[in-house]
Amino acid sequence: MKFLTLTISLLFLAEYSFAQYTITGRVINQADTRPLVNANVFLSNTTIGNPTAADGAFILSNLKPGKYELVISCVGFETYNKTVTVNNSNIDLQTITIFPKSIAISAVTIKAKKGGDSDRPRYLEWFKAEFLGTLTLARECKILNPELLDFNYDGATNTLTASSIDFLIIKNDALGYKIKYLLKNFMLNFAEDQSHIFSYSGIVQFEAMKGSPEEEKQWLQSRQEVYENSQMHFLRSALSGTLAQDGFRVLRVPANPQRPADSIVQEKLSIYRALKNDKAFRDSLKYWQKKADLPKLLDKVTPGPLKKEDFIKGPDKQGIYNLNFNGDAFFITYNKNHYFNRSARSTLSDAENKDNTLISFDHDKLLFDKNGTVLNPDGLVYDGIWMRDRISGLLPLNYETHESNLAVVDSALVKKIIEKVTVYTANHVTEKAYLHFDKPYYAAGDTMYFKAYVTEGQDHQPSKLSGVLYADLINEKGGICNSIKMHIVGGVAWGDFALPHNLSAGNYRVRAYTQWMRNDGGSAFFDKTMPIGSTIISSNIAESGVLNQKSAVAKADIKFFPEGGSLVAGVRSKLAFKAIGPSGLGVDVKGVVLDNENNEIATFSSTHLGMGYLFLTPSETKTYTAKVSYAGGAQEVIELPKADINEIGFAFTDINRAFAVKISAGKQWYRQNKDKNYTLVIYSGGVPQSFTTKLESPEINLDIVKNNLRTGVATATLFSANGEPLCERLLFVQGDDLLNLSINTERKSYEERTATGIKLNVINGAGNPVPGHFSVAVVDESRVPVDENSEPTIINNLLLTSDLKGYVEQPGYYFTNRTRKTEADLDLVMLTHGYRKFEWERIFGNTAPLVYQPEKGLSITGHVNLSGKPVQNGKVKLFSKAAGGLMLDTLSDANGRFVFDNLTFDDTTKFVVQARTAKGQKDIEVKPDTNSMQPVIALKNAPGTKDNGSLAAYVQKSKQFFDEQDKYGYHKNGYMLKEVVIKDKKTIQFEHSQNLNGKGNADQVITADWLETAGYSNLYDAVRAKAVSIHFLPDHRLRSNRTIVSFDPKIPPDYMLIVVDGIPQLDDKSTNNIPYSPLDGLDASQVESVEILLGTHGAAIYGSIASGGAVIVTTKTGRRINNYYKEAPGVITVKPIGFYKARQFYVPKYGHAASENTMKDLRTTIYWNPDIITDRDGNVSFSYFNADGKGSYRVVIEGMDIEGNLGRQVYRYKVE
């Protein structure tokens, strides 16, 4: 294959600086010491130059620090050269003497060993092709004085050499430069293998041409286009450390270890050729000839692109940098959109190559300074796009980019995607919450401490959106046991739940959310199952410790997921699968794939938690099934997705610092869509990045570097030219933007009750110290063992599980000890889970307006009425002595509603609300709105937590702790938490109704007025007498007459759900065959309303548990939660729920042993501090006292910096 290589002196860069300096001097004639007028003084390779004045003086201005080559030329005089180094001051060169030429300019002489004057035109064409270049730009370059060229052709070596006796004048109409070039030497060698070896060097001066405004605008654009992917662009990016950002990828091509260095090979060949007539050395000559014939480089590249520090070192004390080759070569690719074709190295010399260059060097290090001088340029060889520019694409050393003058080259599709995503993300800002707990589980009587980290956007900035975070403790029946509001400041807040000593054991839940998160439903909430042990066993908890789940499937289930969404006939595709057992957890499976002729095509087995994958190359004429075998011996046959020749797909492979992408089209798809554009969009960190390619062949390969992708879940989508999403998958990016937390103690082991000092240092991914907000939990690991694979953390929650649909089992496994295996298993999670954040249909379509707005602070709202009618423009005042003498006033709206918002107060604050009409009338009614809570929604696909013995053992350890404290009079007032009744406040027709469709929105309603006069004692009988369209069954269950009953007696009908004060009644409490309904236990006279939903249209909001309809009961006891008192006409006292004031974690202080009390210190949480803040140097220190427990103490620190970078570290020390 024909190819070209180029050897050329590199022109490097002046250091960029705001300071600029001058060079001055005076030029005289050596013959008579008179000043030389109009001598041309310039800096080589720049546009900087001036003629000397009448007194021979010159000044060169606007110089940046660096090393330059000063040149003085004048007709009849020898050219003067001097290296000048500009540091941080102006330079005065004083007087410079130049010498007249010893002979006058003679006629041009053509020297040739082969041919004569008749060959000059041919030599000139060879020269222009190599000197000016082969790109389109060369057509607009013209040498105005080619007669100054002197050629010499050596036929024996097929080598053409040339030089110029004075400056060549080259007019570059493409870039708008007139170039003066004094050619010192030029060499063009035609090798036997048809390769060309080419080199040139000289002195060059640039002069910017003057043109029309349109011409100069075009020149600016053309210069920018030439600059992009030029050696100048590359070197500037390399020295500034922005290679990936600017669109470059550098791969190292290893030297062939079987071939010695060129210097050694040539030396040996020279020796043995001289001795070739000596038989004793003939074999040696053959040996070294074979070595010389070996390729210098291996036909592969090292994985992952290089960074600046990987191949550029320096500067040293002399300001010298070195480009480290060490015998290898560099494969450099450039693309604005980071579209990198890995197979392009074999086509470097092809005209289609527009992005790639291979650089090799005969020495280990290329030495250069920061300005532009290469100290050892001999032996530098180019192959690829850089060798084509030559003089036609040469820019001056002092060129500065003009990107703002360029037209943005982008497709309408990419613009549409970016615009749509920008608008959508601006209106649908993602807000997340993560809670760091002091322990992974608790016992009745404990205090559950936690810190909340609330983030905003996909880059996890500390949230400035919301100021109020709600946290709920939810019992095993779905009731809210405790609820608090926390004040979010700087994206953090903290609180706690005190667990009563007589609390039942069970799998409780802790939920945290903001009002803004409610726009996404419960899927946006932080929701964690929290095991709580107790000596009191709940009837809803099995002895194994697993929450009873009636919805658990009777057998394991397996699903198959083609990568990208579809199987393409004739294309080898990855098919991932996930098998889930009845418990909701992954189960091991294995099996075979059979075609429709019962031939075995492939085998498979799960590799991690029921997940695995297989490769399949499906035929368009066949169908496939998977014969699955489960661990228990059960088998199942599953039909696999059908493959189609009219499909397109993609496959991603993680290659360390990049994703290798293969886009594959089926035969029919390729025939119909050949040469059409396709756009790959990677959505990462809230930013879409696009990569457009043309379907030039059925298979396209490209690399996506990870440098611009943020750590976390990213989605990759391939779009057609008309914007249709064709295939999609999730990726997990393991970046370098996590915080590095360094935890140190003075010792590795301590004694009981001794003080332990912790020093924390935090740096970011760039190695810089950062201030941040952190929380620390220290536990006695011998008393509180932790399963780190299953442990939720700030990293695996905010970066992984919060972004995925469904349940992710053992999220800590993928981050605790990262290996190739864990990364491969994490990719299986990506292939088998859905993305929660958005769908393209929602982004491209019209979305409904958001119902809930962010809360910056707390609110007190209500209504004022006069004679049952709303009071408009009523004067409402709010007073509070406890809130710093607060006094506010407002007016009621047309509905009589008043609002005081953005308040800050704690949960013990009382307020007085006073209302008057616009005319000052006092006798009006003031009603504050009820405190509403978000209804509890069951966690989808979330299995219960099984106790492996750790919780049971912990309960006993906790009992010892409490028993010890009881000896000294603690814990005499333990109590059971009362269940908080859920409220809603959408309408005022049924004041305390819990109907999620809206108060009173039902097929039938029964009011308190009827219930109080109907004479029925229990609600079941009352509803039976009043309700229509309901079948009351002998077992006291209810069935809507709209429910379809199956003829198969084995399939039970869907019964109506009973909801009391917002809590679904799911338990069957029938005993001794006595029928019982939740309605039986309610006094009809104490019920405010009954709302009946007969069909799925109204009950759908409650999910599948209400598929048979629902009966919504609101009791009168719900009124007590209003917590307000009427003091006088138009005046009430109200005590709303304010911000919770977190408990201070008790840290004992021990002094001398003789003074210690005798109570044993059996703490399990040794230390908890939610308020750890590092200084600007990334440092913070804290200390505490150890307990009496001996063993391993586990320190966990989590948090984030002000930029949203996350960090976590675990540290252990011994207490002996």
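Might you let me know whether segment 640-655 holds any residue that is β-branched (Val, Ile, Thr), crowded, with 18+ Cβ neighbours inside 10 Å, within 30 Å of residue 733 (Cα to Cα) and in contact with a strand residue (DSSP E or B) (Cβ under 9 Å, 6 or more places away or on another chain)? There is at least one residue in segment 640-655 that is β-branched (Val, Ile, Thr), crowded, with 18+ Cβ neighbours inside 10 Å, within 30 Å of residue 733 (Cα to Cα) and in contact with a strand residue (DSSP E or B) (Cβ under 9 Å, 6 or more places away or on another chain). In the set 174, 156, only one residue is closer than 16 Å to residue 390 by Cα and part of a loop (DSSP other than H, G, I, E, B); that residue is 174.
Return a yes/no flag: does segment 431-439 have any residue that is touching a residue at least 24 places away in the same chain (Cβ under 8 Å) and not in a strand (DSSP E or B). Among the residues of segment 431-439, at least one is touching a residue at least 24 places away in the same chain (Cβ under 8 Å) and not in a strand (DSSP E or B), which makes the answer yes. Quickly run through segment 264-286 and pick out the residues that are in contact with a Phe, Trp or Tyr (Cβ under 6 Å, 6 or more places away or on another chain) and in a helix (DSSP H, G or I). Within segment 264-286, 268, 269, 272, 281, 284, 285 qualify.
Need a quick list: strands (runs of 3 or more DSSP E) entirely within segment 640-753 having at least 1 residues that are among the small types (Gly, Ala, Ser).
Fully inside segment 640-753 and qualifying: 648-654, 658-665, 677-684, 687-694, 712-719, 740-745.
Among the candidates 486, 517, the residue that is buried (at least 23 other Cβ atoms within 10 Å of the Cβ) and assigned to a helix (DSSP H, G or I) is uniquely 517.
For segment 1155-1175, how many residues meet the condition of being closer than 30 Å to residue 444 by Cβ and either surrounded by 21 or more Cβ atoms within 10 Å (Cβ to Cβ) or of a type outside the set (D, E, K, R) (or both)? Walk me through how you get there before you give the answer.
Taking segment 1155-1175 as the starting set, the residues that turn out to be closer than 30 Å to residue 444 by Cβ are 1156-1172.
If we keep only those that are either surrounded by 21 or more Cβ atoms within 10 Å (Cβ to Cβ) or of a type outside the set (D, E, K, R) (or both) too, we end up with 1157-1159, 1162, 1164-1170, 1172.
So the count comes out to 12.
Residue count for segment 701-757 satisfying the condition of being of a type in the set (Val, Ile, Thr) and either within 20 Å of the chain's Cα centre (by Cα) or over 30 Å from residue 779 (Cα atoms) (or both): 7. When only residues in segment 126-167 that are in contact with a helix residue (DSSP H, G or I) (Cβ under 9 Å, 6 or more places away or on another chain) and among the acidic types (Asp, Glu) count, which is surrounded by the most Cβ atoms within 10 Å (Cβ to Cβ)? Selected residue: 130. Against the conditions (1) touching a residue at least 24 places away in the same chain (Cβ under 8 Å); (2) surrounded by fewer than 17 Cβ atoms within 10 Å (Cβ to Cβ), residue 681 satisfies every one except (2).
Sort out for me the strands (runs of 3 or more DSSP E) sitting completely within segment 565-619 that have 2 or more residues that are over 34 Å from the mean Cα position of the chain (by Cα) and free of Cβ contacts under 8 Å to residues at least 40 places away in the same chain. It would help to see each step written out before you state the result.
On the way: elements: 573-580, 589-595, 600-605, 611-616.
Answer list for segment 565-619: 589-595, 600-605.
Candidates in segment 101-132 are the residues that are small (Gly, Ala, Ser) and at pLDDT 80 or above; of these, the one that is farthest from residue 179 (Cα to Cα) is 118. Annotation for segment 186-205: at least one member residue is surrounded by fewer than 20 Cβ atoms within 10 Å (Cβ to Cβ), in a loop (DSSP other than H, G, I, E, B) and of a type in the set (D, E, K, R). Of the numbered conditions (1) closer than 30 Å to residue 868 by Cβ; (2) modelled with pLDDT of 80 or more; (3) in contact with a Lys or Arg (Cβ under 8 Å, 6 or more places away or on another chain), residue 1053 satisfies every one except a single condition; which is it? Result: residue 1053 fails condition (1) only.
Go through segment 620-630 residue by residue and tally those that are touching a Lys or Arg at 6+ places or on another chain (Cβ under 9 Å) and not in a strand (DSSP E or B).
Residues that pass the stated criteria total 2.
Listed conditions (1) surrounded by 15 or more Cβ atoms within 10 Å (Cβ to Cβ); (2) on the phi < 0 side of the Ramachandran plot; (3) modelled with pLDDT under 80; (4) not β-branched (Val, Ile, Thr) are all met by residue 1070, apart from (1).
Of everything in segment 38-78, what is among the aromatic types (Phe, Trp, Tyr) and surrounded by fewer than 19 Cβ atoms within 10 Å (Cβ to Cβ)? Give them in sequence order. Don't jump to the end; show me each part of the working.
If we filter segment 38-78 for residues that are among the aromatic types (Phe, Trp, Tyr), which is where we start, we get 42, 58, 68, 77.
Across segment 38-78, the qualifying residue is only 77.
Taking the listed residues 1151, 1191, 1178, the one that is surrounded by 21 or more Cβ atoms within 10 Å (Cβ to Cβ) and either outside the structural domain of residue 712 (by TED's automatic domain parsing) or over 30 Å from residue 908 (Cβ atoms) (or both) is 1178, with no other qualifying.
The residue list 1019, 1038, 1033 contains one member that is surrounded by 13 or more Cβ atoms within 10 Å (Cβ to Cβ), more than 13 Å from residue 1111 (Cβ to Cβ), in the same structural domain as residue 1076 (by TED's automatic domain parsing) and modelled with pLDDT of 85 or more, which is 1033. Please go through segment 780-806 and pick out each residue that is crowded, with 17+ Cβ neighbours inside 10 Å, part of a loop (DSSP other than H, G, I, E, B) and hydroxyl-bearing (Ser, Thr, Tyr). Of everything in segment 780-806, just one residue is crowded, with 17+ Cβ neighbours inside 10 Å, part of a loop (DSSP other than H, G, I, E, B) and hydroxyl-bearing (Ser, Thr, Tyr), namely 793. For the residues 248, 167, the requirement of being more than 21 Å from residue 362 (Cα to Cα), touching a residue at least 24 places away in the same chain (Cβ under 8 Å), touching a Lys or Arg at 6+ places or on another chain (Cβ under 8 Å) and of a type in the set (Phe, Trp, Tyr) singles out 167.
Could you list all residues from segment 538-570 that are among the β-branched types (Val, Ile, Thr) and either closer than 11 Å to residue 507 by Cα or modelled with pLDDT of 90 or more (or both)? Steps first, answer last, please.
Keep residues of segment 538-570 that are among the β-branched types (Val, Ile, Thr), which gives 541, 546, 553, 558, 568.
Residues satisfying the conditions are 541, 546, 558, 568.
The values are calculated or read from the model by the stated rules, or taken from the named source; none is laboratory data. Since the model is a prediction, treat every value here as computed from it, not as a measurement. Cβ: placed from backbone, ideal geometry, glycine included. Neighbour counts: every protein chain shown.
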